[in-house]
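Below: one structure, written as structure tokens.
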Amino acid sequence: MTGPAAHTGLPPDSRPLAHAFAVLRALSDGRFHSGEAIAGSLGCSRTLVWQAVHTIENVFGLQVYSVRGQGYKLAQPFEWLDMAAVRQGLAEAAADTWALALVDETDSTNTQLTIRASAGAPHGLVLAAERQSAGRGRLGRRWQARLGSGLTFSLLWRFERGIAGLPGLSLAVGVALVRALTALGVPVALKWPNDLLIDGAKLAGILIELSGDALGPATVVIGIGLNVADPGPIDQPVANLAAAGHPLGRNQLLAAVLNALHDVLTTFNREGFAAFREEWTAHAAFVGEPVRVSFSHGQPVEGIARGVDDNGALFVETPEGLRTFHVGEVSLRRRRT
């Protein structure tokens with residue numbers, strides 16, 4: 001397996017962010033460091049260190065203690081992503097497939113990987129970011145996460161089957177996340193079609209973007225955002241592993257997820273979603289419960305969720321009979337009775 005070394009990924013005019021990341025790494029051990037010592041180790045002025053600390057607080061949303069005579073200390077240390085550590089956790093087959101790249105900051109890993117895919121990037125390229133400035137979720141929603149609080153990464157998979165042969169792919173990716181997390185002792189549930197829940201709140205989201213021909217081949221960029229710790233202010237109820245009593249290391253978790261994704265995507269390429277239908281249903285939230293299906297246009301539909309078909313379409317039992325809903329501009333919620 002090959003993989004480029006970690007780099008900032010910042011444009012040339014982003015020196016303040018680059019300084020902030022450098023100072024943040026100096027503070028990552030959770031100890032006090034004087035501004036003078038940090039400046040000396042980085043070869044910059046104490047003023048630049050002071051400015052970087054303000055960026056860490058105001059842009060990254062992290063709290064830094066500043067104590068006269070002691071210096072600066074990060075209030076909540078976190079584990080940096082380390083591609084070498086991730087590689088060590090990969091199974092042999094996954095290690096032969098995934099090429100890992102890491103950037104400190106980018107707009108969106110899905111956006112950047114889509115650009116690379118159109119330029120001929122290889123099958124199996126994984127792009128992870130410490131921070132996204134414009135992370136995207138499904139239905140045009142924004143994915144926000146405080147730096148160091150989660151996993152935000154995308155991967156490129158080139159399928160032999162065409163776009164027409166990929167229904168249910170987002171559900172299969174959900175199965176991979178469930179496999180990785182349950183193996184690590186985390187009880188999770190799947191919410192049709194793209195979310196992972198813990199204790200009923202959103203833990204992770206999946207964004208699938210496809211290109212290619214109906215009959216093949218097809219290029220798919222799969223984006224995943226997963227909350228490991230408190231992601232900061234969010235405009236919807238969310239969960240995170242640490243608060244749920246599962247403080248996992250980000251490198252360990254990323255390796256486990258990539259191992260599971262390799263197995264699931266390899267099988268999906270041969271057999272489609274039908275191979276995962278029973279497994280998905282076993283971990284599904286809301287099955288047998290009252291739900292509301294909403295659309296970007298039109299009136300919502302209410303009924304009882306009855307599982308999915310071999311293409312990942314949702315069955316809902318309504319007063320007018322059983323209806324089928326396909327992944328698209330559709331949103332599912334539990335209906336309060």
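The values are calculated or read from the model by the stated rules, or taken from the named source; none is laboratory data. Keep in mind the model is a prediction, meaning the values are calculated, not measured. Every residue, glycine as well, gets a Cβ built from its backbone with ideal geometry; the counts of neighbours run over all protein chains shown. Heads up: the accessible areas ignore ligands, DNA and RNA and are worked out on the full protein's heavy atoms, side chains in. Shrake-Rupley method; radii C 1.70, N 1.55, O 1.52, S 1.80 Å.
Compute the length gained on full extension between GLU271 and LEU42: take 0.36 nm times their separation in residues and subtract their Cα-Cα distance, giving the result in nm to one decimal.
Between GLU271 and LEU42, full extension yields 77.2 nm more.
Given N residues in segment 254-334, what is its alpha carbon radius of gyration divided by 2.2 N^0.38 Å?
1.26
Based on DSSP loop calls and a cut-off of at most 14 other Cβ atoms within 10 Å, the longest stretch of the chain free of exposed trypsin sites (Lys or Arg not before Pro) is what?
Within the chain, the longest run free of exposed trypsin sites (Lys or Arg not before Pro) spans 142-335.
Does anyone have the angle between helix 169-183 and the longest principal axis of the chain? Alpha-carbon axes, 0 to 90°, nearest 10?
Compared with the principal axis, the helix lies near 60 degrees.
In the neighborhood of THR97, defined by Cβ-to-Cβ distances under 13 Å, what is the net charge if each Lys or Arg adds +1 and each Asp or Glu adds -1?
The answer is -1.
Computed over the Cα atoms of segment 193-337, what is the ratio Rg over Rh, Rh following Kirkwood?
Using only Cα positions, Rg/Rh for segment 193-337 is 0.98.
Percent of alpha carbon pairs in segment 188-257 separated by more than 15 Å?
Roughly 61 percent, once rounded to a whole number.
Rounding to the nearest 20 debye, state how big the charge dipole of segment 68-200 is about its Cα centre with +1 on each Lys and Arg Cβ and -1 on each Asp and Glu Cβ.
In debye, rounded to 20, segment 68-200 gives about 420.
Give the Rg/Rh ratio for the chain, taking Rg as the radius of gyration of the Cα atoms and Rh as the Kirkwood radius, to two decimals.
Reported Rg/Rh (Cα atoms, Kirkwood Rh): 1.01.
Carbon and sulfur: what percent of the chain's accessible surface (1.4 Å probe)?
Of all accessible area on the chain, carbon and sulfur atoms account for 50 percent.
In sequence order, what are the phi-derived ³J(HN,Hα) couplings for segment 209-217 according to the Karplus relation 6.51 cos²θ - 1.76 cosθ + 1.60 with θ = phi - 60°, rounded to whole Hz, with x for glycine and proline?
The phi angles translate into 10, 10, 8, x, 9, 4, 9, x, x Hz.
Over segment 143-245, what per residue volume does the convex hull of the Cα atoms give, in whole Å³?
With only Cα atoms used, segment 143-245 gives 100 Å³ per residue.
Please identify, among GLY148, GLY124, GLY30, the residue showing maximal mean-square fluctuation in a Gaussian network model of the chain using a 10 angstrom Cα cutoff.
Largest GNM mean-square fluctuation: GLY30.
For segment 80-137, what does the equivalent ellipsoid look like in terms of its semi-axes, each the square root of 5 times an eigenvalue of the Cα gyration tensor, given largest first in whole Å?
Output for segment 80-137: semi-axes of 21, 16, 8 Å.
With a 1.4 Å probe and all protein chains left in place, how much accessible area per residue does the chain have, in Å²?
46 Å²
Please give the net charge around GLY321, taking every other residue with its beta carbon less than 14 angstrom from that of GLY321, where Lys and Arg add +1 and Asp and Glu add -1.
After counting each charged neighbour, the total is -1.
Which one, HIS33, THR152, ALA284, is farthest towards the positive end of the dipole of the chain when Lys and Arg carry +1 and Asp and Glu -1 on their Cβ?
Farthest along the dipole direction, towards plus: HIS33.
Work out, step by step, the length gained on full extension between ARG68 and GLU320: first 0.36 nm times the residue separation, then minus their alpha carbon distance; give nm to one decimal.
83.7 nm is the gain from fully extending ARG68 to GLU320.
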